[in-house]
1. Could you check, for region 68-80, whether at least one of its residues is of a type in the set (A, V, I, L, M), in contact with a Phe, Trp or Tyr (Cβ under 7 Å, 6 or more places away or on another chain) and either over 30 Å from Thr157 (Cβ atoms) or in a loop (DSSP other than H, G, I, E, B) (or both)?
2. Can you confirm whether Glu24 is modelled with pLDDT under 95 and either touching a His at 6+ places or on another chain (Cβ under 6 Å) or closer than 18 Å to Pro181 by Cα (or both)?
3. Say we look at region 73-103 and pick out the residues that are among the β-branched types (Val, Ile, Thr) and over 11 Å from the mean Cα position of the chain (by Cα); which of these is surrounded by the fewest Cβ atoms within 10 Å (Cβ to Cβ)?
Amino acid sequence: MKIAVLISGGGRTLKNILDLAAKEELKVDVRLVVSSSAKAGGLAHAEAAGVPSVVFARKDYDSHDAYGEAVFDACREAGVELVVMAGFLKLAPVPDDFMGRVVNIHPSLIPAFCGQGMHGDHVHTAAIERGVRVSGVTVHFVDNEYDHGPIIWQQPTPVFDDDTPATLAARVFELEKEAYPHVLKLFAAGRVQLEDGRVRIGKGRKKQHG
């Protein structure tokens, strides 16, 4: 399965995907890495893996639509089947031909602690201050609202009384390393089905017998 990965920062999730792909534990072909910042550390992971990368800075575009057009034009040119957002912090509206082909991972159990401005430690701080006992990760389809599209997969983790944003973030990231590859495997097997705004996990493609 040919994918593009969109990043804004250190690229830990990108590196996890690249490492699993290199070990053939994840059958994806990362064709392109798109970054919203030339300073993103994740660009080094792309370079080390020999994956082409491109930077689109939001300030260089007059509107969200123009920005999204540039990002997804690059994905079209790379011939990708799925766009994987991995810590991408800019709004890039999804064009019609990519609807149902863009996914994101969020470090909480949506609809809790999500939306504009809710990323990274902001999420974990809010969870701890609210006193929740369970947090986790959510993989979801991307539409044109922050953290809003249909949910594909969720994994929980307990929140302990002595947790700090840093300790909770570390535990949640360990879940991310499991959840995102799991979902990508479901896509590669043709098991993710979007029907009437809800996701169903099907049995996958039938094997061809010769």
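The values are calculated or read from the model by the stated rules, or taken from the named source; none is laboratory data. Predicted model only: the values in this text are computed from it and were never measured. We place every Cβ from the backbone using ideal geometry, glycine too, and count neighbours over all the protein chains shown.
1. Residues of region 68-80 that are of a type in the set (A, V, I, L, M), as a first pass: 70-71, 74, 78, 80.
Now restrict to residues that are in contact with a Phe, Trp or Tyr (Cβ under 7 Å, 6 or more places away or on another chain): 70-71.
Keeping just the survivors that are either over 30 Å from Thr157 (Cβ atoms) or in a loop (DSSP other than H, G, I, E, B) (or both) gives 70-71.
Yes, some residue in region 68-80 is of a type in the set (A, V, I, L, M), in contact with a Phe, Trp or Tyr (Cβ under 7 Å, 6 or more places away or on another chain) and either over 30 Å from Thr157 (Cβ atoms) or in a loop (DSSP other than H, G, I, E, B) (or both).
2. yes
3. Of everything passing the filter in region 73-103, Val94 is surrounded by the fewest Cβ atoms within 10 Å (Cβ to Cβ).
For (1) in contact with a helix residue (DSSP H, G or I) (Cβ under 9 Å, 6 or more places away or on another chain); (2) among the aliphatic types (A, V, I, L, M), each residue gets a yes or a no:
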| position | (1), (2) |
| --- | --- |
| Val102 | yes, yes |
| His124 | yes, no |
| Glu129 | no, no |
| Val137 | yes, yes |
| Phe141 | no, no |
| Ile152 | yes, yes |
| His182 | no, no |
| Leu186 | no, yes |
